[in-house]
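Notes for the one structure printed next.
The values are calculated or read from the model by the stated rules, or taken from the named source; none is laboratory data. What you see is a predicted model; the values in this text were computed from it and never measured. Quick reminder, even Gly has a Cβ in these numbers, built from the backbone with ideal geometry, and neighbours come from all protein chains shown.
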Amino acid sequence: MNRKKALELIAAGLFPMLLPKKLGAMRRLFLDEIPEFSASDFGDFTWGVSTSAAQTEGAWNMDGRGASIWDIYAQNKGKIKDNSRPEITSDFYHQYPNDLEMVQKMGFGAFRFLISWSRILPDGKGKINQKGIYFYNCVIDACLEKGLVPWITLYHWDLPHALELEGGWTNRNMVKWFSNYVALCAKSFGDRVKNWIVLNEPMAFTSLGYGLGYHAPGKKGINSFLSAAHHTALCQAEGGRVLHAGVKLAKIGSSFSCSPIDTRHANVADENAAARLDALMNRFFVEPAVGLGYPVKTLPFLRKMEPFIKQNDESLLKFDFDFLGIQNYFRVVAGYSPWIPNLHARQHRPTQKQSEFTEMDWEIYPEGMYRILMQFSKYPVKELVVTENGAAFHDRIEANEINDAQRVLYYKKYLQNVLKAKKDGANIQGYFAWTLVDNFEWTEGFRPKFGLVHFDSKTQQRRMKKSGLWFKEFLSSP
């Protein structure tokens, strides 16, 4: 199950539902004209590419690394569509010099990567794996040697399995465990790394992993989700405080999966349903951080979280982030449903004749990037950074070229809307493409291709796609 399909279930109040029959994807690819623009139009701007350890690193049991929840989850037959495992994937652990060279060749100035918690703390706490610390120091030093600014993500879904055996994110001790892990990262890497992302898409990993059971660790239930979500929100703020104390001149943010919400019909019932979906999918984790609290007024079922909330938690949820990371892949079309518990809302597949979809069955809706940037720019935060954006398409291998013309057009349209939002007053200071190399796409396995670079799984040979070549030209143009 891909992330969009699972989020459709999240939007149903964490209970499965029947979805509309799938419509055929339209073949009219971006026939409207794209105005000319260049990288220089963005001004002083960070251009980067994003990766995650569980999807690219491999070497899952080498040099003292402990197992993560994804290593264990992928071993269960039927959990991953192609029965693949993230044991090797694109082997960033051994290939990072080549991969960073690719980043440099494409003209990016920043590289976002994840510290695998279980590589430096195999049990999630206690004994430190110095070989893991050494590896990430090598990656950081290699970035700096190539003129790439390293951006570290602290959590991108790969919790140490040892901590999951103690309840994982449903255990309030996660706040202590996470704080100690963040402090170790700050001490080990903070002398050279100043840009930090505390969490990647907290709504996604708590709901998919602890509410619906479609991602690792495979837990289900409303109480499991709500307890995991609250402890995650506490860790989001506490991680920021630990970094602020441990890293001089740190620039600290957290990244959120965001979707603009439209109504299926122009009526009050659908509008209220859209507001509830917006509160769940877009507001749930950011508003506690900026001091607004959980959106309980819009989502009354969040009162079920009260047993997990302790005295002073409201203040502990707050942290003055330097930036919000925005990650937009699709929009949501909402309608009222009397059959969906808690939300009384459901997501509908877009039915406009011009709608097109990626290989992941995500609607291509570039205007959604503009809309969500403008929406999040209204929060009291210093700046926004697009920390992920990209698409999976069927790449064509022609002779020695990887033809992904659809992806090139996709990036052009989405970047056009980033620029429009910037011109209209949103303080956007950076953009990171997802992703560098084709990788392990969670429960979808290796079928979807998101990379700017293709790799051969047998030889690990890298070949830059046309989209990578386009970025090379785009970022080097005056």
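Checked against the criterion of being crowded, with 21+ Cβ neighbours inside 10 Å and among the small types (Gly, Ala, Ser), segment 366-381 has at least one qualifying residue.
Scan segment 327-350 for residues that are in contact with a Leu (Cβ under 7 Å, 6 or more places away or on another chain) and more than 30 Å from Gly253 (Cβ to Cβ) and the total you get is 1. What number of residues in segment 282-304 are in contact with a Leu (Cβ under 7 Å, 6 or more places away or on another chain), buried (at least 17 other Cβ atoms within 10 Å of the Cβ) and among the hydrophobic types (A, V, I, L, M, F, W, C)? Residues flagged as in contact with a Leu (Cβ under 7 Å, 6 or more places away or on another chain), buried (at least 17 other Cβ atoms within 10 Å of the Cβ) and among the hydrophobic types (A, V, I, L, M, F, W, C) within segment 282-304 amount to 3.
Determine, yes or no, whether Ala399 is surrounded by 19 or more Cβ atoms within 10 Å (Cβ to Cβ) and of a type in the set (A, V, I, L, M, F, W, C). Answer is no for this residue.
Candidates are the residues of segment 305-353 that are closer than 26 Å to Gln429 by Cβ and of a type in the set (S, T, N, Q); the one that is surrounded by the most Cβ atoms within 10 Å (Cβ to Cβ) is Asn328. Suppose we filter segment 426-478 for residues that are on the phi > 0 side of the Ramachandran plot and of a type in the set (A, V, I, L, M, F, W, C); how many remain? Within segment 426-478, residues that are on the phi > 0 side of the Ramachandran plot and of a type in the set (A, V, I, L, M, F, W, C) number 1. Residues of segment 205-223 being in a helix (DSSP H, G or I) and surrounded by fewer than 23 Cβ atoms within 10 Å (Cβ to Cβ), which ones? Within segment 205-223, Ile222, Asn223 meet the criteria. When segment 91-132 is limited to residues that are buried (at least 20 other Cβ atoms within 10 Å of the Cβ) and among the β-branched types (Val, Ile, Thr), the one that is farthest from Asn173 (Cα to Cα) turns out to be Val103.
When we screen Phe135, Phe178 for residues that are at pLDDT 95 or above, touching an Asp or Glu at 6+ places or on another chain (Cβ under 9 Å), surrounded by 19 or more Cβ atoms within 10 Å (Cβ to Cβ) and more than 28 Å from Leu384 (Cα to Cα), the only hit is Phe135. As for segment 62-70, it holds at least one residue that is at pLDDT 95 or above, in contact with an Asp or Glu (Cβ under 8 Å, 6 or more places away or on another chain) and among the aliphatic types (A, V, I, L, M).
Looking at segment 354-365 only, could you name the residues that are of a type in the set (Ser, Thr, Tyr) and either without any contact (Cβ under 8 Å) to a residue 40 or more places away in the chain or surrounded by 19 or more Cβ atoms within 10 Å (Cβ to Cβ) (or both)? Full working, then the answer.
Taking segment 354-365 as the starting set, the residues that turn out to be of a type in the set (Ser, Thr, Tyr) are 355, 358, 365.
Thr358, Tyr365 - these are the residues of segment 354-365 that are of a type in the set (Ser, Thr, Tyr) and either without any contact (Cβ under 8 Å) to a residue 40 or more places away in the chain or surrounded by 19 or more Cβ atoms within 10 Å (Cβ to Cβ) (or both).
Each residue in segment 169-187 was checked for being farther than 17 Å from His244 by Cβ, in contact with a helix residue (DSSP H, G or I) (Cβ under 7 Å, 6 or more places away or on another chain) and not in a loop (DSSP other than H, G, I, E, B), and 4 pass. Once segment 389-434 is narrowed to residues that are basic (Lys, Arg) and under 17 Å from Gly451 (Cβ atoms), the residue that is modelled with the highest pLDDT is Arg407.
Yes or no, residue by residue, for (1) under 18 Å from the mean Cα position of the chain (by Cα); (2) part of a loop (DSSP other than H, G, I, E, B); (3) modelled with pLDDT of 95 or more:
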| site | (1), (2), (3) |
| --- | --- |
| Gly239 | yes, no, yes |
| Leu243 | no, no, yes |
| Ala279 | no, no, yes |
| Thr298 | no, yes, yes |
| Pro307 | no, no, yes |
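Does Ala233 count as in a helix (DSSP H, G or I), surrounded by 22 or more Cβ atoms within 10 Å (Cβ to Cβ) and not charged (D, E, K, R)? Here the answer is yes, as Ala233 does meet what is asked. Checking the conditions here, which among Glu238, Glu145, Glu164, Glu201 is in contact with a His (Cβ under 9 Å, 6 or more places away or on another chain), surrounded by fewer than 24 Cβ atoms within 10 Å (Cβ to Cβ) and not basic (Lys, Arg)? Of Glu238, Glu145, Glu164, Glu201, the one residue that is in contact with a His (Cβ under 9 Å, 6 or more places away or on another chain), surrounded by fewer than 24 Cβ atoms within 10 Å (Cβ to Cβ) and not basic (Lys, Arg) is Glu201.
Pairing each residue of segment 424-452 that is closer than 14 Å to Ile88 by Cα with any residue that is surrounded by fewer than 24 Cβ atoms within 10 Å (Cβ to Cβ) and basic (Lys, Arg), provided the two are 6+ apart or on different chains, yields C-beta distances under 6 Å for Asp438/Lys449; Gly445/Lys81. Of the residues screened, Tyr155 is one that is modelled with pLDDT of 95 or more, under 23 Å from Asn76 (Cβ atoms) and not small (Gly, Ala, Ser).
Scanning segment 334-372 for residues that are basic (Lys, Arg) and in a loop (DSSP other than H, G, I, E, B), we see that the one that is farthest from Gly451 (Cα to Cα) is Lys353.
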